[in-house]
Ligand SMILES: Nc1ncnc2c1ncn2[C@@H]1O[C@H](COP(=O)(O)OP(=O)(O)OP(=O)(O)O)[C@@H](O)[C@H]1O
Ligand SMILES: [Mg+2]
């Protein structure tokens, strides 16, 4: 058998061969684009932990929007992002924007006749005005504009400005949509920024765990479309291990595939080996970074959850910490905001990130003995 290329993509931002789940979310957002101004999906935020598939989904949304005839500008929250949005609109929308709409033209003209001094004093139109002109020109051709911003961050002044300006486009009922993506903590920071309270009214789409059935379908299709097969038992164990976490689907798939690439059918033994090899990467690529951002108090709270099987009661946690319920509640809130744990019924919490519990036990075992 010819050795096929490994079809799994355990790299951040890499579009997988088959997207597991997320159909409904895609439908809602794309439906919002088609529905017209006023649809709440036209200002959306994708919220999810590291490796939950935010970047991939943003790319997919932008691709599909282009198929629907939209112009897209995709940036990451960083200095100079506003300029990058303009550049992409100019580039992708060039067939709709007459040369006179090109920003560089006035500059060239001025240099031509040697009025460079006068030019430097010329007032530049604001970002909002330039964008308004472009939106008008695009709308004349029935073309809408989708802006996507990855890794949202309220600490970036241009991010805040983009949101503040965009709300006017919504009010003015322009053919425009804005889809952002970020970690839960970063999203909350945006919500707390008073100058952009508008963002609180955007539609939040949580990138929760993908269902086991969808994980199985994605793994199976990825393998079969690449010329191999997997036994039902092996597929079930692989899917189970991922807990619906997108990065793990790719990671386990990748390591499973490479166990015996010359053999047509992937077996349970391949999956078991694949899982073992995946662990180290999962630790390095997701868990190390996540844990390094937590405070001592956060960690103590998580350690106090370890004696429980799956779900922990807040009353047990405060007892184990030897602290008041108020103290424990503060840390509970902090960790929920960071997307590390989630509420599970009244007065109970559980880990959000798969494998974090195992990681903590493995790496901090002695500290967690209570
Ligand atoms: N729906 C999905 N089905 C299968 N694999 C997916 C899916 N979404 C993402 N992936 C895979 O998961 C990994 C992480 O995806 P992505 O980079 O989009 O995550 P992210 O949420 O942007 O992470 P970060 O917060 O670190 O930027 C990639 O390897 C990607 O191929
Ligand atoms: Mg990302």
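The values are calculated or read from the model by the stated rules, or taken from the named source; none is laboratory data. Bear in mind that the values here come from a model prediction, so they are computed numbers and not experimental data. Neighbour counts run over all protein chains shown; Cβ positions are idealised from the backbone, glycine included.
Tell me, which residue of the range 150-177 that is under 21 Å from residue 57 (Cβ atoms) and assigned to a helix (DSSP H, G or I) is farthest from ligand 2 (Cβ to nearest atom)? Out of the qualifying residues, it is 166. Beta carbons closer than 7 Å, at least 6 apart along the sequence or on distinct chains, pair a first residue in the range 1-20 that is under 19 Å from residue 49 (Cβ atoms) with a second that is more than 16 Å from ligand 2 (Cβ to nearest atom) and in a loop (DSSP other than H, G, I, E, B) for 20/210. For residue 13, the conditions (1) under 27 Å from residue 336 (Cα atoms); (2) surrounded by 13 or more Cβ atoms within 10 Å (Cβ to Cβ) are fulfilled apart from (2).
Among the residues of the range 37-50, is there at least one that is surrounded by 15 or more Cβ atoms within 10 Å (Cβ to Cβ), free of Cβ contacts under 8 Å to residues at least 60 places away in the same chain and more than 10 Å from ligand 1 (Cβ to nearest atom)? Looking for residues that are surrounded by 15 or more Cβ atoms within 10 Å (Cβ to Cβ), free of Cβ contacts under 8 Å to residues at least 60 places away in the same chain and more than 10 Å from ligand 1 (Cβ to nearest atom), one finds at least one in the range 37-50, hence yes. The set of residues in the range 5-30 that are over 19 Å from residue 277 (Cβ atoms), away from ligand 2 (no atom under 16 Å from the Cβ) and in a loop (DSSP other than H, G, I, E, B) comprises 17, 18, 20, 21. So is residue 33 in the same structural domain as residue 174 (by TED's automatic domain parsing), more than 11 Å from ligand 2 (Cβ to nearest atom) and not in a loop (DSSP other than H, G, I, E, B) or not? Against the criterion (in the same structural domain as residue 174 (by TED's automatic domain parsing), more than 11 Å from ligand 2 (Cβ to nearest atom) and not in a loop (DSSP other than H, G, I, E, B)), residue 33 qualifies.
Residue 186 meets each of the listed conditions (1) more than 18 Å from residue 36 (Cα to Cα); (2) within 16 Å of ligand 2 (Cβ to nearest atom); (3) part of a strand (DSSP E or B) apart from (3). Counting only residues that are in contact with a helix residue (DSSP H, G or I) (Cβ under 6 Å, 6 or more places away or on another chain) and within 11 Å of ligand 2 (Cβ to nearest atom), the range 53-78 holds 1 of them. Residues that are in contact (Cβ under 8 Å) with a residue 40 or more places away in the chain and more than 16 Å from ligand 1 (Cβ to nearest atom) were ranked within the range 173-197; the one that is surrounded by the most Cβ atoms within 10 Å (Cβ to Cβ) is 177.
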